[in-house]
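Asks: First, the structure itself, so that you have it in front of you.
The values are calculated or read from the model by the stated rules, or taken from the named source; none is laboratory data. Keep in mind that what you see is a predicted model, and the values were worked out from it rather than measured. Here Cβ is always computed from backbone atoms with ideal geometry, including for glycine, and neighbour counts include all displayed protein chains.
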Amino acid sequence: MGRVRAAIGSLVFLTLAPGVVAGVIPWLLTGWSSHACPAPVRLVGAMIIAAGTAVLLGAFGRFVIEGIGTPAPVAPTERLVIGGAYRYVRNPMYIAVAAVIVGQALLFGQVVLLVYAVVFVAAVTAFVRGYEEPTLAGQFGEEYEAYMRAVPRWRPRLRPWAQPR
């Protein structure tokens, strides 16, 4: 897969997966209606949304540039993606999507979105452990095994991991 096809596929997947999970579903749950919420809480929510979105877009870009593929299981990367945010934590995309949902909960004062974030985290944890990690271990072998040993699944490292040469 070339980078142009990877970019198009990643853009489609970004729209369909995170776009639905962090956009359409929160809208369906809340209609973007806002409950009374102190301005500082709303500001923190907006900052979390911005940070989560930046991490998410950066991670998608890594899949195109570094991995030459997409995050979608139907069009996986040719190479293991271990740069950028992936040097600190193995699942920055999922963390970023959860952050966007939590940020929306704070911005709109919607507790239902906090509950939804917990459900989302439980679902992706099951997916990561049951499908994604075994699939990547099968595809990338020892390279992924070494990466798994060095980089935590959810809690970011304080210092970036550098792949041994």
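Asks: Test of understanding: among ALA162, ALA75, which residue is modelled with pLDDT under 95, surrounded by fewer than 14 Cβ atoms within 10 Å (Cβ to Cβ) and not in a helix (DSSP H, G or I)? Break it down stepwise before answering.
Replies: Values: ALA75 fails: surrounded by fewer than 14 Cβ atoms within 10 Å (Cβ to Cβ).
None of the others qualify; the one that does is ALA162.
Asks: Which of the residues spanning the range 116-159 are under 21 Å from TYR88 (Cβ atoms), touching a Leu at 6+ places or on another chain (Cβ under 9 Å) and surrounded by fewer than 16 Cβ atoms within 10 Å (Cβ to Cβ)?
Replies: Those that are under 21 Å from TYR88 (Cβ atoms), touching a Leu at 6+ places or on another chain (Cβ under 9 Å) and surrounded by fewer than 16 Cβ atoms within 10 Å (Cβ to Cβ): GLU143, MET148.
Asks: Further question on the same structure: Any residue that is part of a loop (DSSP other than H, G, I, E, B), modelled with pLDDT of 95 or more and under 30 Å from GLY31 (Cα atoms) - is there at least one of those in the range 112-135? Explain how you work it out, then say what you get.
Replies: Just the residues of the range 112-135 that are part of a loop (DSSP other than H, G, I, E, B), to begin with: none.
Checked the range 112-135: no residue is part of a loop (DSSP other than H, G, I, E, B), modelled with pLDDT of 95 or more and under 30 Å from GLY31 (Cα atoms).
Asks: I'd like to know if the range 49-63 contains one or more residues that are more than 14 Å from the chain's Cα centre (by Cα) and either surrounded by 18 or more Cβ atoms within 10 Å (Cβ to Cβ) or under 22 Å from ALA146 (Cα atoms) (or both). Walk me through it before giving the result.
Replies: First, pick out the residues of the range 49-63 that are more than 14 Å from the chain's Cα centre (by Cα): none.
No, there is no match, as no residue in the range 49-63 is more than 14 Å from the chain's Cα centre (by Cα) and either surrounded by 18 or more Cβ atoms within 10 Å (Cβ to Cβ) or under 22 Å from ALA146 (Cα atoms) (or both).
Asks: Let me ask another. Residues in the range 80-115 that are hydroxyl-bearing (Ser, Thr, Tyr) and buried (at least 22 other Cβ atoms within 10 Å of the Cβ): how many?
Replies: 2
Asks: Can I ask one more? Please determine, by comparing only the residues of the range 5-37 that are more than 18 Å from the chain's Cα centre (by Cα) and in a loop (DSSP other than H, G, I, E, B), which one is nearest to GLU66 (Cα to Cα).
Replies: TRP32
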